[in-house]
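Engineer: The structure is given below, and queries will be raised subsequently.
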Amino acid sequence: MSDIKVVIDNKEVLVPSGSTILDATKKAGVHVPTLCHLDLHDTKMVNQAASCRVCVVEVDGRRNLAPSCATPATNGMVVRTNSMRVLEARKTVLELLISDHPKDCLSCAKAGECELQDLAERCGLRQIGITGDAQSTYKKDITRSLIRDMDKCIMCRRCETMCNTVQEVGALSGINRGFNAVISPAFELPMGETVCTHCGQCVAVCPTGALTENDATWEVVQALADPEKVVVVQTAPAVRVAIGEEFGREPGSIVTGQMVTALRQLGFDHVFDTDFAADLTILEEGTELLGRLEAFLGGDAKALPILTSCCPAWVNFIESQFPELIDIPSTAKSPQQMFGAIAKTYFAEKLNIPREKMVVVSVMPCLAKKYEATRKEFSVDGNPDIDIVISTRELGQLIKHANIELTALEETEFDNPLGMSTGAGVIFGTTGGVIEAAVRTAYEVYTKKPLPKIDFEELRGFEGVRVAAVDVDGLMLNIGIAHGLGNARALLTEVRDGNPRNLHAIEVMACPGGCIGGAGQPYHHGNSDIIKKRQAAIYQIDKDMPIRKSHENPAITEIYEAYLGKPMGELSHKLLHTHYHIKDKV
Amino acid sequence: MANYTMHMLVCSGTGCKSAESDLITANLEKYVAEANMTDEVQVLKTGCFGFCEKGPVVKILPDNTFYVQVTPDDAEEIVNEHIIKGRKVERLLFVDPKTEKMVSDSKKMDFYKKQLRIALRNCGLIDPDNIDEYIARDGYHALGMALTEMTPQDVIKVVKDSGLRGRGGGGFPTGLKWEIASKNDADQKYVVCNADEGDPGAFMDRSILEGDPHSVVEAMAICGYSMGATIGKVYIRAEYPLAIKRLEKAIEDAREYGLLGKDIMGTGFDFDIELTFGAGAFVCGEETALIHSMEGERGEPTTKPPFPAESGYWGKPTNVNNVETFANVPVILLKGADWFSSIGSEKSKGTKVFALAGKINNVGLIEVPMGTTLREVIYDIGGGIKDGKKFKAVQTGGPSGGCLTVDDLDTPIDYENLIAKGSMMGSGGMIVMDEDDCMPAVAKFYLEFTEEESCGKCTPCRVGTKRLSELLELITDGKGKMEHLDELKRLSRVIKDTALCGLGQTAPNPVLSTMEAFWDEYIAHIKDGRCPAGQCTNLLQYIISEAKCVGCTACVRVCPTNAITGTVKKPHVIDQAKCIKCGACYDKCKFEAISKQ
Amino acid sequence: MAKIKSFEELKKIKDQVQSKVGLREKGENIDNLIQIRVAMATCGIASGAREIMNYMIDEMTSQGIENAVVTQTGCMGYCYAEPTIEVTTPGKEPVIYGDVTKEKAKEIIDEHVIKGELVDGIIPMTHKTIDQ
């Protein structure tokens, strides 16, 4: 496409045709403030509602002001971003927004991260010159994973775009008219009664405190303070490459050791690693894969494909959206739940305490994990395998509460035995990682030969849907990978309609980028490079690990020998596998 | 074989139907049959005559006798007198309020004299349920001509040359719109008819669809031919059941005749029409919102560009015109661009249909050439202000328009002039206000409307219109301050400048135009705590004049809050703390002892 | 309804149905037309007014007379001379014929309506027409 010439505040710039005025202002080095606009190029997430009207600019020859985020630049266009007219409009629009916004910033979950707050600060707003005082109010909606406080909604529509266009879940849309317009599930049902998968990506993109996680930090503090309880913590792979951001470290900083030290200082009795459970997952899921592969090669066409089942939002998605495919996912529990099941049996027995005395806390990059932990099948006589789930952000809060400066800490190691893991366990944190870990083990178990090359580059990347053939010593395994539920829908629809690409195994992660882009991670504020840097860090950790295949993890070998027996054996089946329920929801 | 020598046309529009016009028709048929005249006298239902003020209307042709405010009981007398005895039923004739003389011939009524009916050409003349009657009026001839004698470009050229502009509000040149849509290539294109008429008090489009549905069907097919579309969609509000019924019948009959469907008139051109029902959201009259609503999405506008002509219904090139615009098209093709462009003003060609409402004698539907002055519309056609009151203002363009005043009475009505006066053509609502109307309260009324009808998408409209109406509430409640006027101005300015769609961009017009023309009234509310029109109840006091009160106690008996006290035959007093300003005492007093202040 | 297969067919249909609204269209322009009013009260009908009226309509249609309109009225008060018809040429006083037969009717059409010449059988006016 040819370039077009645009004049921004008397400065001439060339931009490709098809660019918006906002693109042109960036090229001109002019920073026009935006609010509703969000463009995560790599994940199809472009919110162009142009609803907030904060980014309006003056265009010569145009009657009214133009929203720069959604107005195409045209050749010869002359734009002014800082005229009196623009400044008055922007200030007034901001005043209008704030006039209908609760003023409880001090106690808001989004304080310090709120884009509306930033904007007010940037525009130097010192008073709200709007007389009217009506406030739109709505009932708070609280699920296990998140809280919808629509009083704080500014109708930016990011959550709606995320839920409908990117995730294709369709749980959220605009309702009501005028002043009472708001985003809501159908029929204003509570989110928990809808097709909501708890992926929490709406929270990840909400600019204000309208959508936040259901905070569980205080429960953790209480558990830690209880002398009767043994408090065990596990941390998911994606947490260690993101928690540093909460303490001012560059995105992609690896702070595993410091995080472990901080957890210990917080008072956790045992600091374990979800990566251990990830290795365990590979043994179970890998064995299941090989069994189903054998059946498939033996003529049972329905034995494959197998779908990964680590991601709880993904499980919710298939349960409500693809009931006809409910038998395809692996029956292996997610690493979080495997960890909980092992902690409250094997490890509790080791400590010689009843499961009720043990509190298992998960630190997850994810909000759906909060929901997953409450699923009925993951508890024994009402005592859940996982007691409390907090997000990466909440862990950051906890550490700050305890007056600990993470970046200044010594590095220490996870405790044993549930802290020992491999490179295969850590790559669970990124899209493509689970299937790569599975292939590393399946290859060696199936062929009984060592892998010629551990890195499966063909499975890595950031494309929404990736398909690759992996050569397992002559047997070509067709692998499908999707991240983001919209991409998963595309792949699943393909499978449902006859699986033309003959996929044998499919990995799905609900969040863009996988767990590194989870809704419990530090806010990316629209910068998708942050997610990519976390991905690089994950692969770096893998590369630096002495052991990189799950089946070579000595702690895994030990637990099978000492306790579980063999993968897919009787006890493994009881503790480490699950089943799915069709959900009929709106 | 019937040889009709007399036709009795009974208005069967929504207004007259609600006044039992169907029963009038049935009774007329009954008495005609009793008189054994069914072969000579045809009784039939037509669309709206426009003279709704005096409905139900029965018109007898060919002598043009125009009976008004007819009841079902009058049917017998009409048949016996007019048909059998040849005498007019004088008590049912229209009496000109100016001359106080009976006018029998509708053509001689002031209401009709200055009208020129193009879009309404068949309304009140044909039976809308009878396709043959439409064909008899050259119906589908424009389509036949277009398909057999003209290229699509020829059709577009005629429409362009005619100067026809969108009658839905914006006034965009129709031919140009068609041309843009025709130039965007796609495997499928759509013609959409916007029948989501939402202005309070407006019923132009409804009346056309009820009275002459085929004109719209034909025009949509012509449009489809010109731009290469084979599917037409009518987005019509579900609150228009009669219009829907008539339109559905028209589409069905046109299909039966092969005037819709495959291979129309053997020319190889395919075109068919489907209806989509709207839920009555005002904003869905905005074309992008309308398209989203048709797609099953929330009815809310999106930023243009892309325009529907590039990416509309299901992302395909789509041409959206409103009902009245379409209704003009067949006759333009038949009579030619020159004929049409000879009517109207320099930049606004043809006629415009208006719905006259408010404090005007002849409430109803009228069609006048562009360039007709407000004075002609209000005083000649509209018969002046009700009860001899003084004209104060007229709101054109519905809630998006502005108030025009006495100073504007001689302004020729066209798109440009109305915008220059801070109002707009809109879809053609005209609400007339008299001296008793309080202008800040009028502005408040319109803002409350837009506030409720805003889709809530963009900030200026969602929050801004709410704040405007809150400010107006304060002012009309007597709690206004002078700085509120500055705030009204600033908010209005910014909302106009930043709102996403036409609804928000025009929402402040009623505020700005009333502030401009009736600044004194705003000041009176704020500085003097007084409502000059005596409408704002919080600024009102009912006072009993000691001199005039005879102590009859009538007021005491009607007062619902026992605010009035006094002994018989002595002057009474109103306790202002208890008074709720209902005005019951004021209406009751026979001695003019109670006054509003 | 049969499908219309060409523009020509549409035009033909129009010619067939024209009469449906022709009378109404004439009403729009009535002041410029010759109006023929047939007295169609009971007395008139009893004396054959209906046949006369139908005959005149058919005759005028077959002769293609466009500038006249046949309509009906009530009793004109000449019960002794029924059927009676009133012919009003624009700008002229109405003329009433009594005891109209088919032959007389044809004569009225041929002479009065077409050529504007009065024929025998005129009754002197004693009443006001419906428009006055």
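Engineer: Per DSSP H run of n ≥ 4, the term is -39500 (n - 2.57); total these for chain B, divide by its residue number, and report the mean residue ellipticity at 222 nm rounded to 500 deg cm²/dmol.
Structural biologist: That calculation yields -10000 deg cm²/dmol at 222 nm.
Engineer: Looking at segment B:448-555, which GluC sites (Glu not before Pro) are DSSP coil and have at most 15 other C-beta atoms within 10 Å of their C-beta? Working shown, then result.
Structural biologist: On the way: sites: B:448, B:451, B:452, B:453, B:470, B:473, B:483, B:487, B:516, B:521, B:546; in loops: B:546.
Listed in order of number, the matching sites are B:546.
Engineer: Between residue C:93 and residue B:489, what's the calculated FRET efficiency when r is the beta-carbon distance and R0 is 60 Å? Round to 0.05. Please list the in-between numbers first.
Structural biologist: Numbers: r = 69 Å, r/R0 = 1.15.
The calculated FRET efficiency here is 0.30.
Engineer: Additional query: Tell me, in nm to one decimal, what length is gained between residue B:346 and residue B:186 on full extension, where the rule is 0.36 nm per residue of separation less the Cα-Cα distance?
Structural biologist: That pair, residue B:346 and residue B:186, stretches by 54.0 nm at full extension.
Engineer: Further question on the same structure: In a shell of Cβ-Cβ distance under 12 Å around residue C:20, excluding residue C:20 itself, what net charge do Lys and Arg (+1) and Asp and Glu (-1) give?
Structural biologist: -2
Engineer: When the chain is fully extended, how far beyond the present Cα-Cα distance does residue A:350 get from residue A:563, taking 0.36 nm per residue of separation?
Structural biologist: Full-extension gain reported as 75.6 nm.
Engineer: What does the net charge come to around residue A:139 if you take all other residues with beta carbon closer than 12 Å to its beta carbon, with K and R at +1 and D and E at -1?
Structural biologist: Around residue A:139, the charge tally is -2.
Engineer: Run down the lysines and flag those whose C-alpha is under 23 Å from the C-alpha of residue A:344, throwing out any fewer than 8 positions away in its chain.
Structural biologist: Within reach: A:229, A:333, A:357, A:369, A:370, A:376, A:566, A:574.
Engineer: Using r as the Cβ-Cβ distance of residue A:401 and residue A:104, and R0 as 25 Å, what FRET efficiency do you calculate, to the nearest 0.05?
Structural biologist: Result of the calculation: an efficiency of 0.80.
Engineer: Over what distance in Å are the Cα centres of segment B:458-521 and segment A:264-328 separated?
Structural biologist: Value for the Cα centre distance between the two parts: 59 Å.
Engineer: Also: Counting other C-beta atoms within 10 Å, which of A:69, B:579 has the fewest, and how do the rest follow?
Structural biologist: Fewest-to-most Cβ neighbours within 10 Å comes out as B:579, A:69.
Engineer: With a ≥ b ≥ c taken as the square roots of the eigenvalues of the C-alpha gyration tensor of segment B:365-406, please select rounded if a/c is under 1.5 and otherwise prolate if a/b is larger than b/c or oblate if it is not?
Structural biologist: Cα axes put segment B:365-406 in the oblate bin.
Engineer: Tell me the trypsin sites (Lys or Arg not before Pro) within segment C:41-117 that lie in a loop according to DSSP and have at most 10 other beta-carbon atoms within 10 Å.
Structural biologist: Details: sites: C:50, C:92, C:102, C:104, C:106, C:115; in loops: C:92.
Those that pass, being in a loop and sparsely packed, are C:92.
Engineer: For residue C:51 paired with residue A:416, estimate the spin-label separation in nm (one decimal), with each label point 7 Å from Cα along the Cα-to-Cβ line.
Structural biologist: 12.8 nm
Engineer: Same structure, new question: Excluding residue B:270 itself, what net charge comes from residues whose Cβ is under 13 Å from its Cβ, given Lys and Arg +1 and Asp and Glu -1? Show your work: numbers first, answer last.
Structural biologist: Details: positive: B:189, B:255, B:262; negative: B:263, B:272.
So the surrounding residues net to +1.
Engineer: Could the peptides A:317-330, A:123-136 be put in order, highest first, of the mean number of other beta-carbon atoms found within 10 Å of their residues?
Structural biologist: Highest mean packing first, the order is A:317-330, A:123-136.
Engineer: Moving to a separate point now. Given the -39500 (n - 2.57) contribution per DSSP H run of 4+ residues, what per-residue ellipticity at 222 nm results for chain C, rounded to the nearest 500 deg cm²/dmol? Walk me through the numbers on the way to the answer.
Structural biologist: Working: 4 runs with 48 residues, N = 132.
My calculation for chain C gives -11500 deg cm²/dmol from helical runs alone.
Engineer: Further question: Which ordering of B:537, B:38, B:25 is given by a fewest-first count of other beta-carbon atoms within 10 Å?
Structural biologist: Result, fewest neighbours first: B:38, B:537, B:25.
Engineer: In straight Cα distance, which lysines are under 23 Å from residue C:14, not counting same-chain residues fewer than 8 positions off?
Structural biologist: The reachable lysines, counting only those whose Cα sits under 23 Å from residue C:14, are B:45, B:249, B:262, B:335, C:3, C:5, C:26.
Engineer: Moving on to the next point. Can you give me the Cα centroid spacing of segment B:183-249 and segment C:4-61 in angstrom?
Structural biologist: 34 Å
Engineer: If you don't mind, there's one more thing I want to ask. Counting each DSSP H run of 4 or more residues in chain A as -39500 (n - 2.57), what helix-only mean residue ellipticity at 222 nm follows after dividing by all residues, to the nearest 500 deg cm²/dmol?
Structural biologist: -9000 deg cm²/dmol
Engineer: Need one word for segment A:167-297: rounded, prolate or oblate. Basis is the Cα gyration tensor (sqrt eigenvalues a ≥ b ≥ c); a/c below 1.5 gives rounded, then a/b vs b/c decides.
Structural biologist: The shape class here is oblate.
Engineer: Other chains near A:172-182: what is the mean number of their Cβ atoms within 10 Å of each residue's Cβ?
Structural biologist: 6
Engineer: Is chain B best put as rounded, prolate or oblate by its Cα gyration tensor, with a ≥ b ≥ c the root eigenvalues, rounded for a/c under 1.5, and otherwise prolate when a/b is larger than b/c, oblate when not?
Structural biologist: In terms of gyration-tensor shape, oblate.
Engineer: Give me the number: length gained by fully extending residue B:154 to residue B:389, i.e. 0.36 nm times residue separation minus the C-alpha to C-alpha distance, one decimal in nm.
Structural biologist: Extra length from residue B:154 to residue B:389 when fully extended: 79.4 nm.
Engineer: Loop-only GluC sites (Glu not before Pro) in segment B:42-103, please: DSSP not H, G, I, E or B, and at most 12 other Cβ atoms within 10 Å.
Structural biologist: When the GluC sites (Glu not before Pro) of segment B:42-103 are filtered for loop state and at most 12 Cβ neighbours within 10 Å, B:100 remain.
Engineer: Using alpha carbons only, how many angstrom separate the centre of segment A:1-46 from the centre of segment A:78-94?
Structural biologist: What the calculation gives is 17 Å, centre to centre.
Engineer: If you count, for each residue, the other Cβ atoms within 10 Å and average over each peptide, how do B:300-310, A:8-18, B:331-341, B:459-469 line up from highest to lowest?
Structural biologist: With the highest mean Cβ count within 10 Å placed first, the list reads B:459-469, B:300-310, B:331-341, A:8-18.
Engineer: What order do you get for A:276, B:203 when you list them from fewest to most C-beta neighbours inside 10 Å?
Structural biologist: Listed from fewest to most nearby Cβ atoms, that is B:203, A:276.
Laboratory data are not the source of any read-out in this text; all were calculated from the coordinates shown. Worth saying up front: this structure is predicted, and the values here are computed from it rather than measured. Backbone-built Cβ (ideal geometry, glycine too); neighbour counts: all protein chains shown.
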